[in-house]
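**Student:** Structure incoming, see below.
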Amino acid sequence: MKVGATVDRLRREGIAVLDFGAGEPDFGTPKAIGDAGHAAIDSDFTKYTPVGGTADLKRAICARYNADYGVSYAENEVIACAGGKQALFNTALALFGAGDEVITHLPGWPSLWEQVKLAEATPVFVRTSAEEGFALRAQPFIDTMTSRTRGIILNSPCNPTGALISEGELTLLAKEAAKRGIWLVVDLCYEKLIYDTPPHNLPRVLDAHCRDLAVICGSASKAYAMTGWRCGWTLGPAAVVAAENAIQSHATSNVSSITQKAVIAALTGPQAPVEAMLAEYRQRRDRLHAWLTAGGVLRCRKPDGAFYMFVDVRGALDEGTGLASSNDFAQALLEEERVAVTPGEAFDAPGFIRISYATSLDVLEEGSRRLAEFSARHATKSSAGL
Ligand SMILES: Cc1ncc(COP(=O)(O)O)c(C=O)c1O
């Protein structure tokens, strides 16, 4: 918030800022998808629909997961929501309540645990480590389970780290969850943005080991560059979906009818635009990684998915230099170099910054140059004890 306010102030003063804070694709929504939205307006498809989305949309979501993962969901096992965020919130409200513990992971996306709190349950955290590339492993979750554990929420690929849970680790966790009757909620909002194709058929793993306790939350936002259209979904047991439908019916009702038509086009049309965006993100990831790590002060691994580089800036921090934290780092970077990044504190990961590469290569190159200079300057100061 603080970095955002400074960006606003600088821009109002007419100062150009390179912004790596964006949590959304820089691409426009692919044309065929936008055209379907226009057609919905032109044909006056502008009225209420069923709360959980039209039958066509539900079928399109189920067909996509069937084609991508080989899993079968029926119409009463899916609900369309206003973004993955509402899908996750509905899920938290439907499944969790006072006295329940829900385990999730740090560094992580804050809404996941804030939603648990809004459901009056208690979030409990497993911390992943930079040394292991922030990979999600089953054992720490299993070790954290108590008799009060009601659910586990996983985000893979993870915002902000870009790390995944492997099929093998999820299998271990799913088996344990099934044994103990614990809900397993998986946030797959970045599922289409995975590089280097490691096997990541999480829906299939859940289907095989804990289908009755598995809830998948997905989204059109990142995959199809549709963040402003607001459409996500939950796939899960019919009773959970019915509960979410009841909640949504008193909260927001249906996703915009126009959006629904556009998302049907996204899910059922050619997936080439997704491939093209992924290829571009991959190139940016590889170049950005090389630029950032060249100076030796900043450390980061190439993320497996999503579009964030999670960079260890501890080499440039020192109480004595005024840059005592990654918050200070981000603030000074903005003031001195006009580069905006998200400090790790936002994800409960002090010592790191998140750089979104949902922006052009030119901007990334210039931003990396400024970041490298800034870090080298501060690293020199801190090693000199100034
Ligand atoms: C990890 C994660 N999950 C879910 C979402 C929800 O996105 P949306 O509501 O646009 O689908 C986001 C958005 O940034 C996210 O980062």
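**Student:** Over the Cα atoms, compute the radius of gyration (one decimal) and Dmax (the largest Cα-Cα distance, rounded to a whole number) for region 84-208, in Å.
**Tutor:** Every Cα atom of region 84-208 included, Rg and Dmax give 13.5, 41 Å.
**Student:** So what is the 222 nm mean residue ellipticity for the chain from helices alone, if each DSSP H run of at least 4 adds -39500 (n - 2.57) and you divide by all residues, rounding to the nearest 500 deg cm²/dmol?
**Tutor:** On the way: 13 runs with 173 residues, N = 386.
Computed ellipticity for the chain at 222 nm equals -14500 deg cm²/dmol.
**Student:** From the P(r) of region 41-131, could you give the percentage of C-alpha pairs in the tail past 16 Å? If you can, show how the numbers build up before the last one.
**Tutor:** Values: 2740 of 4095 pairs.
Considering region 41-131, 67 percent of its Cα-Cα pairs are separated by more than 16 Å.
**Student:** Using a ≥ b ≥ c from the Cα gyration tensor of region 58-106 (square roots of the eigenvalues), is it rounded, prolate or oblate, where a/c under 1.5 gives rounded and otherwise the larger of a/b and b/c decides, a/b for prolate? Before the final figure, lay out each step's value.
**Tutor:** Working: a/c = 2.37, a/b = 2.00, b/c = 1.19.
Prolate shape, in that a/c is at least 1.5 and a/b is the bigger ratio.
**Student:** So, with a 1.4 angstrom probe, what is the percent of accessible area on region 203-311 that is carbon and sulfur? Intermediate results must be reported in sequence, preceding the final value.
**Tutor:** Working: 2120 of 3870 Å².
It is 55 percent, rounded to a whole number.
**Student:** Size of the dipole of the chain about the Cα centre, Lys and Arg at +1 and Asp and Glu at -1 on the beta carbon, nothing else charged, in debye to 20? Before the final figure, lay out each step's value.
**Tutor:** Details: 38 positive and 45 negative charges, 35 e Å.
Using Cβ point charges on Lys, Arg, Asp and Glu, the chain gives about 160 debye.
**Student:** Could you report the chain's accessible area per residue, 1.4 Å probe, as an integer in Å²? Walk me through the numbers before you get to the answer.
**Tutor:** Working: 15380 Å² over 386 residues.
Heavy-atom SASA per residue in the chain reads 40 Å².
**Student:** One-quarter of the Cα convex hull surface for region 1-99, in nm²?
**Tutor:** Working: hull surface 46.5 nm².
Over every viewing direction, the Cα hull of region 1-99 projects on average to 11.6 nm².
**Student:** For region 291-386, just list the percent of Cα-Cα distances falling in each 10 Å bin from zero outward, please.
**Tutor:** 17, 55, 25, 3
**Student:** Compute the signed sum of charges (Lys and Arg +1, Asp and Glu -1) over the other residues within less than 14 Å, Cβ to Cβ, of Lys58.
**Tutor:** On the way: positive: Arg59, Arg64, Lys261; negative: Asp56, Glu75, Glu77, Glu244.
Local net charge: -1.
**Student:** With every atom except the alpha carbons ignored, what do you get for Rg and Dmax of the chain, in angstroms?
**Tutor:** 21.3, 69
**Student:** Continuing with the same structure: Using the beta-carbon distance between Ala324 and Arg148 and R0 = 30 Å, what value does 1/(1 + (r/R0)^6) give for FRET efficiency, to the nearest 0.05?
**Tutor:** The pair Ala324/Arg148 has a calculated efficiency of 0.25.
**Student:** In nm, give the distance between the simple-model label positions of Arg180 and Ala74, each being 7 Å from the Cα along the Cα-to-Cβ direction.
**Tutor:** Each label point is offset 7 Å from its Cα along the Cβ direction, giving 3.1 nm.
**Student:** If you don't mind, another one. Quick one: what Rg and Dmax do you get for region 147-285 from the alpha carbons, in Å?
**Tutor:** Final numbers for Rg and Dmax: 16.2, 46 Å.
**Student:** Next question. So if I average 1/r over every pair of distinct C-alpha atoms in region 123-181 and take the inverse, what Kirkwood radius in Å does that give? All intermediate terms of the calculation are to be shown ahead of the outcome.
**Tutor:** Values: mean 1/r = 0.0834 Å⁻¹.
After inverting the pairwise mean of 1/r, the radius is 12.0 Å.
**Student:** Give the percent of DSSP beta bridges with both residues in the chain that are antiparallel, rounded to the nearest 5.
**Tutor:** Working: 18 of 39 bridges.
Bridges in the chain are about 45 percent antiparallel.
**Student:** Greater than 29 Å separation of Cα atoms is the criterion. Which listed pairs, Lys192/Lys261; Lys117/Lys175; Lys47/Lys192; Lys2/Lys47; Lys2/Lys31; Lys58/Lys302, meet it?
**Tutor:** Numbers: Lys192/Lys261 20 Å; Lys117/Lys175 26 Å; Lys47/Lys192 31 Å; Lys2/Lys47 40 Å; Lys2/Lys31 36 Å; Lys58/Lys302 35 Å.
Distance filter (> 29 Å) returns Lys47/Lys192; Lys2/Lys47; Lys2/Lys31; Lys58/Lys302.
**Student:** Further question on the same structure: Cβ under 14 Å from Gly83's Cβ, Gly83 left aside: what net charge do those residues give with Lys, Arg +1 and Asp, Glu -1?
**Tutor:** Details: positive: Lys85, Lys222, Arg230; negative: Glu24, Asp187, Glu244.
With Lys, Arg at +1 and Asp, Glu at -1, the neighbours total 0.
**Student:** Positive end of the dipole of the chain, charges at C-beta (+1 Lys, Arg; -1 Asp, Glu), about the Cα centre: which of Tyr357, Asn66, Pro157 has its Cα farthest in that direction?
**Tutor:** My answer, from the dipole projection, is Asn66.
**Student:** Let me ask something else. Identify, among Val313, Leu371, Leu95, the residue whose Cα sits farthest towards the positive end of the charge dipole of the chain, taking +1 on the Cβ of Lys and Arg and -1 on the Cβ of Asp and Glu, with the dipole about the Cα centre.
**Tutor:** Projecting each Cα onto the dipole axis, the largest value belongs to Leu95.
**Student:** Still on this structure, I have one more. To the nearest 10 square angstrom, what accessible area does His38 show with a 1.4 Å probe?
**Tutor:** 120 Å²
**Student:** From the square roots a ≥ b ≥ c of the eigenvalues of the alpha-carbon gyration tensor of region 209-276, which class results: rounded (a/c under 1.5), prolate (a/b over b/c), or oblate? Don't skip to the answer; put the middle values down first.
**Tutor:** On the way: a/c = 2.67, a/b = 1.39, b/c = 1.93.
It is oblate, given that a/c is not under 1.5 and a/b is not larger than b/c.
**Student:** Now a separate question. Please compute the contact order of region 237-386 in relative form: average sequence separation of alpha-carbon pairs under 8 Å and at least six residues apart, divided by the residue count, as a percent. If you can, show how the numbers build up before the last one.
**Tutor:** On the way: 174 pairs, mean separation 33.5, N = 150.
RCO, region 237-386: 22 percent.
The values are calculated or read from the model by the stated rules, or taken from the named source; none is laboratory data. Only a predicted model underlies this, so the values are computations on that prediction, with no experimental measurement involved. A quick note on method: Cβ atoms are made from the backbone with ideal geometry, for glycine too, and the neighbour counts reach across all protein chains shown. The accessibility values were calculated without ligands, DNA or RNA, using every heavy atom of the protein model including side chains. Shrake-Rupley method; radii C 1.70, N 1.55, O 1.52, S 1.80 Å.
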